[in-house]
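*Asks:* First the structure, then my questions, so here it is.
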Amino acid sequence: METLDIKGFPVETHIAGSGPPLLYLHAEQYVEQVRPHLDALAKTWRVIAPRHPGYGAAAGAADLRSVDDLAYLYLDLLDELKLDDVVLVGASLGGWIALEMCVRNRARLSKLVLVSSVGVKFSGREERDFADLFYMSDVEAFPMLFADWQRHAPSYAAMSTGQLEELARERQMLAHYGWRPYLHNPGLKRWLHRVDLPTLVLWGEADGFAKPSYGQSLASALPNAELTVVREAGHYPEIEQSEAVIRAIDAFVQR
Amino acid sequence: MKVWHFSELAYYPAWEELGAQLRNVVPSRLCDPKVAADLYHRGLDEWALCDELGLNIMVNEHHATATCIDSVSTIPMAILARETKKARLLCLGMPIGNRFDAVRVAEEYSMLDVISRGRVEMGFVKGAPFEVTPANSNPADLVTRFWEAHDLILKAMTTHDGPFNWEGRYFQYRQVNVWPRPYQQPHPPVWLTVNSPESAQVAGERGYVIGSLNTGYVRTPAIYAAYRKGAASQGREATRDRFAYMAIVGVGSTREEGYRRADQILDYSRTALRVGAQFAFPPGYQSVAATAQALRSPGYGKGVPMRSIALRNGRQVDPIGASVEEFIDAGICFAGTPDMVVEQMRAFYGHVGGFGHLLMMGQGGHITHDDTVDNLTMFSKEVLPRVAELG
C-alpha cells in the first residue's frame, strides 16, 4: 500500500502487477477480504486500487462528502498517474463511483466493468432498489449479501480488534457516502447515455441486496452494456467467486 | 434542589404483544387511538398537577415506539404553557441533529417561551441511537450537524435586527428572521443530555445545564467530574444548578408501597432498551472503538442488543430482570418511604458531588393514575421539603 498525493490529498493505494492498467474501486465493506482477488487480477493487469477516503488508516476529509467528490478524486488520480486505455472495475459502491466518473469524463477509460453496482434509482418512490442494510440485523443481512454466508460473512469472534475497528469504519463510511438518498444519486439515471464505453455488468445470482433484476435494468439503461450472471455468488462475487469474475473480465476485455 | 416530574407516556398496552423489539419495527395498528387519547389526557393531568405541588415539568420525545407516544415534544409543552402558571417547563429535549429545519426549532422554542411568560428550559439532545432510523438522519456526522444546528438556533433566537444569512454545511437559509423573540433574554436556559465524560466536558466548557439520565452510581461521578473540568478550563464555576440527575422515584406510606410504585415505573427501564442491535449501533453514531467492542459482544450478530446496569460491587445485571433493590443499588432508582427516599437521595448526592435538579420519573410503565398522583403528592409534601436545601 502506498500513499499517492492527488492534488494535495493523500490516497492510500494498492498498486501491484504488470500489464495493462486496471483501476479497481472497492465496495462499501469487507475491503480486506478482496485482497486475494486483487492479487489474482495482478497476474494479468497492473492493478491500481485506491482506498476510498475514510477507509483504512487514512483520515477522511470533511470536504469529501459524496460519491461525486470521489468521482472527481479518481479522475484526478487517472490524470496524476497519466493512465490511458484504462479498464475501470467498480464493485457495488465502487461501481456507483465508476458510473459517476464515466458520466463526467471517460477520455482515459477503455472499458467498464460494474460488479453489483449501486447508484441508480429505477424503482418507484415506494420501492427500494437496495435492501436497507441499516434496518437489518446481521442474521438477516448476511444471507442477502452472500450465497454462502456461513463461509464468507465475517465472524466477529474470530477477528482482531484492528479488524473489527476496520469493519466499524467501513460501516461509518457507508453511512457517510450512502445514507440519504440511500446508495443512489436521483439525477444519475438521466445521464447514463454518457456511459457509452463497452460495459460488462456482472451480477451475483444470489444477490438479495441488489437483485439481479436491478442488474438487468442497469445493463439495459446503459448504451453499450451486457449482463453476465455469476453463479453461487451474492452481492460480493469478487469475494465468493473471484475466479469466475476474473474469467468474465478477461473474456470481455479480449473480445 | 429543583424537582422535575418526567414521563415518557409509554403506550404500555402494546407491550405484551411485542417481543424483543419495542422500537422502530412496531406497526401502529397496535396503537388504539382511543386508548392513546386517554393516555395523553392522563399524562397531561399529571403534569398539570405539578403546578399545584411545587414540582416542575419535563417532557421529551421518541419516535416509532411503544415506549413513548410523545413524538412531538413541543405539543405537550404548548398545552402545559397554557394550563400551568408557575411550573418551569423543560423539554429534554429537542433532537436538533435529527431536525432538518433548525429555524423551525427556534420558532417553536421562542413561541413556547412567550406563551408561558418565560418558563421554558430549552434542551438540545443528540437523541438516542435508534432515533436516526425514524428521522432518516445520517448517524455518521450527527455530532457536527448537532453543533451547527445549536449555533444557528441560538443565533436565530438572539438576533433582533432583521434577517441574517446562514449558509453552513448542513443548513442553508438566506433570510433567518424569527418571530416572536424569546421572553427570557437573551434566550431560555440551555440544557444538554450527556452520557459520557467526553460529552460532559464539552458541556462544561459552554456552561450549560447537563442532564445525566439514569447514569447510575458507578458512571455518574466521572461524568460530573469531567463537567467540572470543562467548566474550570473556561474559568467557569460549576455550580450545583448546572447538574441534573434523572432517576425513577417511588414513594409510599410503607416500604412495600414505595417499592411497588417504583417497580411499576421501572418497567420503563426494562423496556427502553428492547431494541435491535442494528438500531442500538447505527454506523458512525458511536466511536470506532465502541462499535468494534459491540461487534465482539456475544449475540450482536443475532441482533440481540447489549444491555446492562452496573451495581456498586461492579457486577453487571440485565435490567430486564432486575429488582427494585438492584436498581436502588445501581443508583437508578430512589424508592420506599419518604425517609428511605431522602436517605438514598442524600447518599447519591454526596457520592456524585451534588446536583441541583432531580429529574424524577414519577410515572412510567404500568403504574396507575391514582398511584402516580399519590406518588407525586407524597414526594412534594414529604420528600421535597427535606431535600430542598440540597443543591
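*Asks:* Looking at the stretch A:45-93 only, could you name the residues that are small (Gly, Ala, Ser) and over 18 Å from residue A:113 (Cα atoms)? Walk me through how you get there before you give the answer.
*Replies:* Applying the first criterion (small (Gly, Ala, Ser)) to the stretch A:45-93 yields A:49, A:54, A:56-62, A:66, A:71, A:90-92.
Selection gives A:54, A:56, A:57, A:58, A:59, A:60, A:61, A:62, A:66.
*Asks:* If you don't mind, there's one more thing I want to ask. Can you give me the number of residues within the stretch A:190-225 that are within 25 Å of residue A:144 (Cα to Cα) and part of a helix (DSSP H, G or I)?
*Replies:* Number of matching residues: 10.
*Asks:* Show me the strands (runs of 3 or more DSSP E) found entirely inside the stretch B:135-216 where at least 1 residues are under 30 Å from residue B:279 (Cα atoms), under 21 Å from the mean Cα position of the chain (by Cα) and free of Cβ contacts under 8 Å to residues at least 60 places away in the same chain. Please lay out each step first, then the result.
*Replies:* Details: elements: B:164-167, B:172-176, B:190-194, B:209-213.
Ranges flagged: B:190-194, B:209-213.
*Asks:* Now for a different question. Considering only the stretch A:141-160, how many residues are part of a helix (DSSP H, G or I), of a type outside the set (A, V, I, L, M, F, W, C) and under 17 Å from residue B:283 (Cα atoms)?
*Replies:* Start the filter on the stretch A:141-160 by keeping residues that are part of a helix (DSSP H, G or I), which leaves A:141-145, A:149-152, A:156-158.
Now drop any that are not of a type outside the set (A, V, I, L, M, F, W, C), which leaves A:143, A:150-152, A:156.
So of that shortlist, the ones also under 17 Å from residue B:283 (Cα atoms) come out as A:156.
So the count comes out to 1.
*Asks:* Please name all residue pairs, on different chains or six or more residues apart, with Cβ atoms under 7 Å, provided the first residue is in the stretch B:119-134 and is in a strand (DSSP E or B) and the second residue is of a type in the set (D, E, K, R).
*Replies:* Filtered contacts from the stretch B:119-134: B:120/B:113; B:121/B:88.
*Asks:* Taking the stretch A:33-84 as the region of interest, how many residues are among the β-branched types (Val, Ile, Thr) and assigned to a strand (DSSP E or B)? Explain how you work it out, then say what you get.
*Replies:* Of the residues in the stretch A:33-84, the ones among the β-branched types (Val, Ile, Thr) are A:34, A:44, A:47-48, A:67.
So of that shortlist, the ones also assigned to a strand (DSSP E or B) come out as A:47-48.
Final tally of qualifying residues: 2.
*Asks:* So, in the stretch A:181-218, how many residues would count as being within 14 Å of chain B (Cβ to nearest Cβ) and within 22 Å of residue A:138 (Cβ to Cβ)?
*Replies:* The qualifying residues number 2.
*Asks:* Quick one: which residue in A:147, A:141 is surrounded by 13 or more Cβ atoms within 10 Å (Cβ to Cβ), more than 13 Å from chain B (Cβ to nearest Cβ) and of a type outside the set (Asp, Glu)? Please lay out each step first, then the result.
*Replies:* On the way: A:141 fails: more than 13 Å from chain B (Cβ to nearest Cβ).
After ruling out the rest, the residue left standing is A:147.
*Asks:* Also: When the residues of the stretch B:307-339 are narrowed to those that are touching a strand residue (DSSP E or B) at 6+ places or on another chain (Cβ under 8 Å), of a type in the set (A, V, I, L, M) and part of a helix (DSSP H, G or I), which ends up nearest to residue B:259 (Cα to Cα)?
*Replies:* Filtering the stretch B:307-339 for residues that are touching a strand residue (DSSP E or B) at 6+ places or on another chain (Cβ under 8 Å), of a type in the set (A, V, I, L, M) and part of a helix (DSSP H, G or I), the one nearest to residue B:259 (Cα to Cα) comes out as B:324.
*Asks:* For the stretch B:106-136, what are the residues that are buried (at least 22 other Cβ atoms within 10 Å of the Cβ) and within 12 Å of chain A (Cβ to nearest Cβ)?
*Replies:* Result: B:130, B:132, B:133.
*Asks:* Go through (1) within 14 Å of chain B (Cβ to nearest Cβ); (2) among the hydroxyl-bearing types (Ser, Thr, Tyr); (3) touching a His at 6+ places or on another chain (Cβ under 7 Å) one by one and return the number of the condition residue A:155 breaks.
*Replies:* Residue A:155 satisfies all of (1) within 14 Å of chain B (Cβ to nearest Cβ); (2) among the hydroxyl-bearing types (Ser, Thr, Tyr); (3) touching a His at 6+ places or on another chain (Cβ under 7 Å) except (3).
*Asks:* Just to be sure I understand the filter: pairs with C-beta atoms under 7 Å, separated by 6 or more residues or on different chains, first member in the stretch A:164-175 and within 7 Å of chain B (Cβ to nearest Cβ), second member part of a helix (DSSP H, G or I) and among the small types (Gly, Ala, Ser). Which pairs pass?
*Replies:* A:164/B:292; A:165/B:289; A:165/B:292; A:168/B:292; A:172/B:140; A:175/B:140
*Asks:* Please go through the stretch A:43-90 and give me each residue that is of a type in the set (Asp, Glu) and at positive phi, ordered by number.
*Replies:* Here is the first cut: in the stretch A:43-90, the residues of a type in the set (Asp, Glu) are A:63, A:68-69, A:76, A:79-80, A:84-85.
The one that is of a type in the set (Asp, Glu) and at positive phi: A:85.
*Asks:* How many residues are under 21 Å from the mean Cα position of the chain (by Cα), assigned to a helix (DSSP H, G or I) and of a type outside the set (Lys, Arg) when one looks only at the stretch B:225-244?
*Replies:* So the count comes out to 4.
*Asks:* Only one of these conditions is not met by residue B:358: (1) in a helix (DSSP H, G or I); (2) touching a residue at least 60 places away in the same chain (Cβ under 8 Å); (3) touching a strand residue (DSSP E or B) at 6+ places or on another chain (Cβ under 8 Å). Which number is it?
*Replies:* Unmet condition: (1).
*Asks:* Condition (residue is free of Cβ contacts under 8 Å to residues at least 40 places away in the same chain, touching a Lys or Arg at 6+ places or on another chain (Cβ under 8 Å) and hydroxyl-bearing (Ser, Thr, Tyr)) applied to the stretch A:148-158: is it met by at least one residue?
*Replies:* Yes, the conditions are met somewhere in the stretch A:148-158.
*Asks:* Among the residues of the stretch A:107-122, which ones are in contact with a strand residue (DSSP E or B) (Cβ under 8 Å, 6 or more places away or on another chain), closer than 22 Å to residue A:221 by Cβ and not in a strand (DSSP E or B)? Full working, then the answer.
*Replies:* Taking the stretch A:107-122 first, the residues in contact with a strand residue (DSSP E or B) (Cβ under 8 Å, 6 or more places away or on another chain) are A:108-121.
Of the ones still in play, those that are also closer than 22 Å to residue A:221 by Cβ are A:109-121.
Correct list: A:116, A:117, A:118, A:120, A:121.
*Asks:* Here's a follow-up. Can you name the number of the only condition in (1) outside any helix (DSSP H, G or I); (2) more than 19 Å from the chain's Cα centre (by Cα); (3) basic (Lys, Arg) that residue B:82 fails?
*Replies:* All conditions are met except number (1).
*Asks:* Hey, among the residues in the stretch B:266-310 that are farther than 23 Å from residue B:18 by Cβ and touching a residue at least 40 places away in the same chain (Cβ under 8 Å), which one's farthest from the other protein chains (Cβ to nearest Cβ)?
*Replies:* B:310
Quick note: the coordinates plus some simple rules give every number you see, no bench work behind them. Since the structure is predicted, the reported quantities are computational estimates derived from the model, not experimental observations. For neighbour counting, all protein chains shown are included, and Cβ atoms are generated from backbone atoms with ideal geometry for every residue, glycine included.
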